[in-house]
Amino acid sequence: MSIIVPCFDDAIVVRDADAEVLGMAQLSTRLLADSNATGGALSVMRTTMGEGIEGARPHTHSKSAELFYVLDGQLQLLAGEKVISAGKADLVVIPPNMAHAFATVPGHSADFLIVLAPGLERFGYFRLVERLSRGEATLVDLMASQELYDNHFLESPVWRAARESAHHHE
C-alpha cells in the first residue's frame, strides 16, 4: 500500500461566510476543502438535512474511504449490508468499495461532516447533483460522471427496506 503525501504550502482556512453552499433548506451542502486545495489528502463537506430526507443513494468509492461525523441530530447510514443509526458525536468510516448511503428518518434532522480520504475532486460532483435537482442536468449526465468522481451507484435491497420501513413509521 502506498502512502499519499499531501502537497500544499499553507494552512487551509475556510471561513463560514466564504464556503460555497449548495442545495435548499431541506438539504444543503457546504463545500469546505476539495482535494486540489489539500494536495490530494482529503475532501471535506458539511451537510445539513431536514427530517426524512434521502441524502445519497447507495454507491461505492473505489479510491477513497468516507468518514461521517455527526455534529447534531441523527443520521441513518448504509454500511455494506448493515443500516446504522448515528447520533450526535458519532463517527462512521466507510472503507473503499463498501456500499454506503445516508438519509434522515422522520422526526430527525442531521448536521454532519463528510471527509473523503485520500481526496478526490468532489465539488464538481456536488455541483452536478445541484444542477440535476434544478433540472439543468439529467440522470444520464450523473451516470456518465461515475468514473470521473469515483461515485459508483448500485442497488441495495437492505437500504430500500430500511427507507420503506422509516416512511411507514411516520
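The values are calculated or read from the model by the stated rules, or taken from the named source; none is laboratory data. The model shown is predicted, which means the values in this text are computed figures rather than measured ones. Heads up, the Cβs are rebuilt from the backbone with ideal geometry, glycines too, and the neighbour counts pull from every protein chain shown. Ligands, DNA and RNA are excluded from the accessible area calculation, which covers all protein heavy atoms including side chains. Shrake-Rupley method; radii C 1.70, N 1.55, O 1.52, S 1.80 Å.
Compared with the dominant Cα axis of the chain, that is its longest principal axis, helix 157-168 is turned about 60°.
When the Cα centres of segment 49-98 and segment 3-41 are compared, how far apart do they sit, in Å? Measuring centre to centre over Cα atoms gives 19 Å.
Report summary: the helix-based calculation at 222 nm, which adds -39500 (n - 2.57) for every DSSP H run with n ≥ 4 and divides by the residues of the chain, gives -5000 deg cm²/dmol.
Take the convex hull of the alpha carbons in segment 81-170; its mean projected area over all directions comes to 7.1 nm².
Principal-axis analysis of the Cα atoms of the chain puts helix 123-133 at an angle of about 40° to the longest axis. With the charge dipole of the chain set up from +1 on Lys and Arg Cβ and -1 on Asp and Glu Cβ about the Cα centre, the Cα lying farthest toward the positive end among the listed residues I94, T48, F112 is that of I94. Oblate is the label for segment 1-55, because the ratio a/c of its alpha-carbon gyration tensor axes (a ≥ b ≥ c) is 1.5 or higher and a/b is not greater than b/c.
Taking the chain as a Gaussian network of alpha-carbon nodes connected by springs under 10 Å, the highest mean-square fluctuation of the residues E66, E51, E20 belongs to E20. Give me D for segment 21-79 in µm² s⁻¹, whole number, from Stokes-Einstein with Rh from the Kirkwood sum over alpha-carbon pairs, 10 °C and 1.306 mPa s. Calculated translational D: 121 µm²/s.
Of the solvent-accessible surface of the chain, computed with a 1.4 Å probe and all protein chains present, 56% belongs to carbon and sulfur.
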